[in-house]
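Remarks on the structure that follows.
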Amino acid sequence: MNRAVTECLLILSCTLPLFGQSIAVTINASQTEVKAGSPVGVTIHLTNLSNHEVNRGGGCYSDGLDLGYTYTCQDSVTKRILKNKKVSDLLTCGDRDMVKPGESFEQQIVISGACEMDKPGRYLVQVGRVDPDDPSHSRLVKSNKIEIIVKP
């Protein structure tokens, strides 16, 4: 998929009404093709759809990942879900900054810190975050999926 189509879909996904969700999450990658063994960077775009402030992330980070999100990677050919890497026990925690109603926050993460993407292939990547307005903390708001191609 070319960049213009991807950006169009990203904008469309942010503007569609999302009933019952207080946030929308989308992702994109500055590089959709990387060399095997290289870090794979992804931008997470969080939009506050509610009428009150929400936390912009989990507040704790490890291995270039915001631990307030879930990370799913799968082989795009076989659809096999890849095993998540063990996240380091070394955490960096800070204040939980807020996102005002109608505003957005972007952050960079290293998705290859979460998923085994070190072999050549095509990988689908998706992130998710629990809806902060869900009292049961069980409703996961999922991002769009993007494809990352890892070359030898």
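Distance between the 7 Å Cα→Cβ label points at Asp118 and Asn84: 1.9 nm. Footprinting exposure proxy ranking of Thr47, Thr78, Thr72, fewest other C-beta atoms within 10 angstrom first, gives Thr78, Thr72, Thr47.
Values in this text are rule-based calculations from the coordinates and carry no lab data. All figures in this text were calculated on a predicted structure; none of them were measured in a lab. Glycine gets a Cβ as well: all are built from the backbone with ideal geometry, and neighbour counts include every protein chain shown.
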